[in-house]
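Asker: The structure is given below, and queries will be raised subsequently.
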Amino acid sequence: VSYQRLVALGRQPVLVDVLNRVIRDEAIHFHFYFHEAKARLADRRTARIARFFIDRLWAPVGAGVRPKGELRTVIGTMYAGADGLAAARRIDATIRQLPGFEDVALFEAWTRRNVDAAVLGWPAH
C-alpha cells in the first residue's frame, strides 16, 4: 500500500516505473507471507500469543531504525488527505482478515496517535 501511495504521489516517470516493478515483486512476497500467517494463526493459541505481542509492540516499518520525527513526516506526507486515510484503512482491513486479528486497529490508530492531525487532514473518528 505504501508503494502504491508513492506512485499516486509521484511525479517522476522513472520513479513511478521502478515503483510499479517493486509493487509487482512485493505482491508475490505479500501473497506468500499472508497465506503463511493465515495458516499458522488458525491455531487459536498461536493467534492469541501473536495478538498479545502485536497489540503491545507493533509499529510501522522503520520505527526502530529512523528518528521518530522523520517517520512521522514520511507517514504524514504519504497518508495525508482522504486518499491517504482510505489507504491506511485498507492496511488495517487486510490485517483484520487474519485469524485472531478481526478487530485489530494498527496503522490508522498509530498514525492518528503519532502524526499531527493538521498534517494528515483526516476527519476525527
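The values are calculated or read from the model by the stated rules, or taken from the named source; none is laboratory data. Predicted model only: the values in this text are computed from it and were never measured. For neighbour counting, all protein chains shown are included, and Cβ atoms are generated from backbone atoms with ideal geometry for every residue, glycine included. Ligands, DNA and RNA are excluded from the accessible area calculation, which covers all protein heavy atoms including side chains. Shrake-Rupley method; radii C 1.70, N 1.55, O 1.52, S 1.80 Å.
Asker: For ALA27 and GLN12 in the same chain, what is the full-extension length gain: residue separation times 0.36 nm, less their Cα-Cα distance, in nm?
Answerer: Extending this stretch completely gives an extra 3.2 nm.
Asker: Write out the trypsin sites (Lys or Arg not before Pro) in region 54-115 meeting two conditions: DSSP loop, and at most 15 other Cβ atoms within 10 Å of their Cβ.
Answerer: Taking region 54-115 and a limit of 15 other Cβ atoms within 10 Å, the loop trypsin sites (Lys or Arg not before Pro) found are ARG96.
Asker: Further question on the same structure: When only the heavy atoms of the protein chains count and the probe is 1.4 Å, how do VAL14, VAL1 rank by accessible area, highest first?
Answerer: VAL14, VAL1
Asker: While we're on this one: Would you mind telling me the share, in percent, of accessible area of the chain contributed by carbon and sulfur at probe 1.4 angstrom?
Answerer: Here it works out to 59 percent.
Asker: Continuing with this model, one more query. Using θ = phi - 60° and the Karplus curve 6.51 cos²θ - 1.76 cosθ + 1.60, what whole-Hz ³J(HN,Hα) does each residue of region 34-42 get, with Gly and Pro shown as x?
Answerer: 5, 6, 5, 4, 4, 5, 6, 7, 5
Asker: With the other protein chains left in place, how much accessible area per residue, in square angstrom, belongs to region 17-125 at a 1.4 angstrom probe?
Answerer: 67
Asker: I've got another one for you. To the nearest 10 degrees, how steep is helix 44-57 against the longest Cα principal axis of the chain, on a 0 to 90 scale?
Answerer: 40
Asker: Whole angstrom only: what separates the Cα centroid of region 21-81 from the Cα centroid of region 88-125?
Answerer: 12
Asker: Enter the angle in degrees (range 0 to 90, nearest 10) between the Cα long axis of helix 68-78 and the first principal axis of the Cα atoms of the chain, meaning the one along which they spread out most.
Answerer: It works out to around 70 degrees.
Asker: Now a separate question. Please state the charge dipole magnitude for the chain, taken about the Cα centre, from unit charges on C-beta atoms (+1 on K and R, -1 on D and E), reported in debye and rounded to the nearest 20. Present the calculation step by step, with values, prior to reporting the outcome.
Answerer: Details: 19 positive and 13 negative charges, 57 e Å.
Using only the charged Cβ atoms, the result is roughly 280 debye.
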